[in-house]
Every structure is written in structure tokens, then in C-alpha cells.
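Chemist: Dropping a structure here in C-alpha cells format, bear with me for questions.
Bear in mind these aren't lab numbers, they're just calculated from the coordinates by the rules spelled out. Predicted, not measured: the structure shown is a model, and the values here were computed from it. Every residue, glycine as well, gets a Cβ built from its backbone with ideal geometry; the counts of neighbours run over all protein chains shown.
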Amino acid sequence: MNIDGLETTLIESMKSTFLAPKQDTPVKAPTQEEVRVETEKLAQMAQRVQEMPENRPEVVERGIELLNDPNYPSADVEEQLAAILLGFEEERF
């Protein structure tokens, strides 16, 4: 797992989780083909997860480094996450 883009991935994940479509937005049901493709993707992802080692020392080491870095996550990322969680984007001063 490449964690270099972790901040961007985290932000995108938070956006999709917390900025869901509004209630009045019609949601189209997936076609059988879309369901089949997504099911295949899910099966492939599950297989990759099963093949991953349980513990990857280089990733653990990088996590410890980030944990000890007072500048991680950056202030910009913290602001973006806060805006997502609060549901609005505050003007920057």
C-alpha cells in the first residue's frame, strides 16, 4: 500500500462519506451489468487483501514517523477535513 497520497485519499473518502447526495436528488438504481462489475471488483479487492501480509514493517515504521511528526497532517488537510465534517467550507483568512 502506497501511503504517499494518504492525505488526498483520506479527504476524498471523507467527502464521499459526509457529503452524500441530498434527499431530493433522485438515485438511479444500478443495472445488472453495473452490479456484476462492482461485485467482481469487490471480489478482486477481497482477494488482494487476503494476499497481503498481516504486518508490513515499512508501513508500520512510516506510521510511527507520521505519528511523531508535529506537522502531520498539515494544517491545510486539517482545515479540509474540518470543513467536510462540519458540512461547509469556511473562508480562509
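Chemist: Name the residue farthest towards the positive end of the dipole of the stretch 33-93 from the options P57, L67, Q47, assuming +1 on Cβ of Lys and Arg, -1 on Cβ of Asp and Glu, about the Cα centre.
Modeler: So the residue we want is Q47.
Chemist: Quick check on the stretch 33-93: take the gyration tensor over C-alpha atoms, sort the square-rooted eigenvalues as a ≥ b ≥ c, and tell me if it's rounded (a/c under 1.5), prolate or oblate.
Modeler: Because a/c hits 1.5 or more and a/b fails to exceed b/c, the stretch 33-93 counts as oblate.
Chemist: Quote to one decimal, in nm, the extra length available between L85 and Q47 on full extension: 0.36 nm per residue of separation minus the C-alpha distance between them.
Modeler: On the way: separation 38, 0.36 × 38 = 13.68 nm, distance 3.21 nm.
The L85-Q47 span can extend by a further 10.5 nm.
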